[in-house]
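This report refers to the structure that appears directly beneath it.
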Amino acid sequence: MFIEGLRRLEDAMRLPEMLDQTIDYLAENLKKFLRPGDKFMICFDNHEPENIGDLLARAAMKIGVKPVIPEDLRWKTLMHLAFRSRATAISAPPFVVLGLTKLAKHTYTPLYFRNVITVGYRCTNWIIEGIQKGLDCQVWGCYGPGSGPMVGGFTCNKEAVIHLRDDLFDFEIVDNAGNVLPDGESGYVVVTPKSAPELRYHTAECAKMRRTPCACGCRSALLMDMYSGEDVDEYEERLGRELMLWTSVLDCRFRSGRYGLEIELVMIPGEKLPPLPQCGGRAIRNWNPDKDVPFWFRPTWRKADENS
């Protein structure tokens with residue numbers, strides 16, 4: 001249901017006039033921290049026209065900023081490109097940025113990012129804090145489901161809120177029965193394009209809405225206290241957080257195997273291995289600079305030597 005609704009919404013957002021408005025919206029937000037002549041690294045595994053990476057690049061060029069787009073997505077080449085380009089901002093999946101901060105420390109490679117823009121569902125506080133600590137930077141969030149052309153808002157640097165776009169969309173908070181909730185109550189986020197009210201999209205995200213002015217002066221509606229409304233495995237979520245907090249863990253992922261939960265870890269060589277739980281299988285190996293790509297960019301499970 002969610003995927004089909006998102007597909008219909010993204011198709012509506014691909015109309016030329018909608019894309020132009022989204023690029024203008026992104027450009028206005030990028031101007032808050034980027035200046036003409038700056039370099040902006042944009043790292044996604046899909047830079048096809050009309051996806052978020054392409055739209056960010058077009059918005060950057062609109063304000064005189066040079067987009068830096070990697071063709072090779074291995075950790076090693078991402079690090080080299082970030083260093084050589086001296087990009088002052090990056091937009092990438094949160095775990096990719098977090099991994100780059102760990103590699104920068106391990107390889108004594110200076111990175112120049114002063115602003116990080118995450119995309120999609122707002123990443124959790126522990127990831128933001130890890131990125132800020134590693135890079136001494138400001139973390140922004142571009143809110144929108146998926147990696148397509150749907151951009152519904154942008155975070156604020158004054159409050160922990162998302163400024164919602166009111167030029168293209170109407171937003172509501174509803175309960176499980178679909179009833180609209182008053183401001184301040186938590187429920188599911190519903191997005192409706194103003195140009196196509198029949199495409200009322202019930203997202204899998206929960207939040208509260210606020211309509212009082214933000215501390216920055218913005219008067220658009222605000223989303224706050226956002227979290228995933230989908231059923232998540234709390235144990236896997238907690239375990240992933242505990243593992244990724246270790247500076248020795250470059251990448252990790254889980255899957256349900258024949259004998260239970262299986263863990264795959266990519267370790268930074270020479271660093272301490274974190275304590276691991278009993279599980280159905282472990283694939284633990286050192287980072288291979290010539291081969292390894294962030295798991296976020298490679299959805300298939302990669303076989304590795306198992307070490308208990």
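The values are calculated or read from the model by the stated rules, or taken from the named source; none is laboratory data. Quick caveat: nothing in here was measured; it's all calculated off a predicted structure. Because the Cβ atoms are built from the backbone with ideal geometry, glycine has one as well, and the counts that use them run over all protein chains shown. Just the protein is used for accessible areas: all its heavy atoms, side chains included, with ligands, DNA and RNA removed. Shrake-Rupley method; radii C 1.70, N 1.55, O 1.52, S 1.80 Å.
Within the range 247-275, how many residues are over 25 Å from residue 108 (Cβ atoms) and open to solvent by 40 Å² or more (accessible area, probe 1.4 Å)?
6
For the structure I just gave you, tell me whether residue 140 is touching a Ser or Thr at 6+ places or on another chain (Cβ under 6 Å), open to solvent by 10 Å² or more (accessible area, probe 1.4 Å) and either at pLDDT below 95 or more than 30 Å from residue 248 (Cα to Cα) (or both).
Criteria met by residue 140.
Conditions: (1) in contact with a helix residue (DSSP H, G or I) (Cβ under 8 Å, 6 or more places away or on another chain); (2) surrounded by fewer than 20 Cβ atoms within 10 Å (Cβ to Cβ). Residue 148 meets all but one. Number of the miss?
With (1) in contact with a helix residue (DSSP H, G or I) (Cβ under 8 Å, 6 or more places away or on another chain); (2) surrounded by fewer than 20 Cβ atoms within 10 Å (Cβ to Cβ) applied to residue 148, the lone miss is (2).
Which numbered condition in (1) surrounded by fewer than 16 Cβ atoms within 10 Å (Cβ to Cβ); (2) over 21 Å from residue 149 (Cβ atoms); (3) of a type in the set (Asp, Glu); (4) over 20 Å from the mean Cα position of the chain (by Cα) is the only one that residue 11 fails?
In the conditions (1) surrounded by fewer than 16 Cβ atoms within 10 Å (Cβ to Cβ); (2) over 21 Å from residue 149 (Cβ atoms); (3) of a type in the set (Asp, Glu); (4) over 20 Å from the mean Cα position of the chain (by Cα), residue 11 misses (2) alone.
Test residue 191 against the criterion of being in contact with a strand residue (DSSP E or B) (Cβ under 6 Å, 6 or more places away or on another chain) and open to solvent by less than 20 Å² (accessible area, probe 1.4 Å), and give yes or no.
yes
With the structure loaded, tell me whether residue 211 is more than 22 Å from the chain's Cα centre (by Cα), open to solvent by 20 Å² or more (accessible area, probe 1.4 Å), modelled with pLDDT under 90 and over 29 Å from residue 95 (Cβ atoms) or whether it fails that test.
Considered against the rule, which asks whether it is more than 22 Å from the chain's Cα centre (by Cα), open to solvent by 20 Å² or more (accessible area, probe 1.4 Å), modelled with pLDDT under 90 and over 29 Å from residue 95 (Cβ atoms), residue 211 comes out as no.
Within the range 47-69, which residues are more than 17 Å from the chain's Cα centre (by Cα) and within 21 Å of residue 33 (Cβ to Cβ)?
58, 59, 60, 61, 62, 63, 64, 65, 66, 67, 68
Give the number of residues within the range 178-222 that are closer than 15 Å to residue 159 by Cβ, without any contact (Cβ under 8 Å) to a residue 60 or more places away in the chain and outside any loop (DSSP other than H, G, I, E, B).
Total satisfying the criteria: 4.
Output yes when any residue across the range 285-308 is in contact with a Cys (Cβ under 9 Å, 6 or more places away or on another chain), modelled with pLDDT under 90 and part of a strand (DSSP E or B), and no when none is.
Scanning the range 285-308, I find no residue that is in contact with a Cys (Cβ under 9 Å, 6 or more places away or on another chain), modelled with pLDDT under 90 and part of a strand (DSSP E or B), so the answer is no.
Touching a helix residue (DSSP H, G or I) at 6+ places or on another chain (Cβ under 6 Å) and not small (Gly, Ala, Ser): is that true of residue 124 in this structure?
It is false that residue 124 is touching a helix residue (DSSP H, G or I) at 6+ places or on another chain (Cβ under 6 Å) and not small (Gly, Ala, Ser).
Restrict the check to the range 163-172 and report whether at least one residue is among the acidic types (Asp, Glu), open to solvent by 10 Å² or more (accessible area, probe 1.4 Å), touching a helix residue (DSSP H, G or I) at 6+ places or on another chain (Cβ under 8 Å) and under 23 Å from residue 213 (Cβ atoms).
yes
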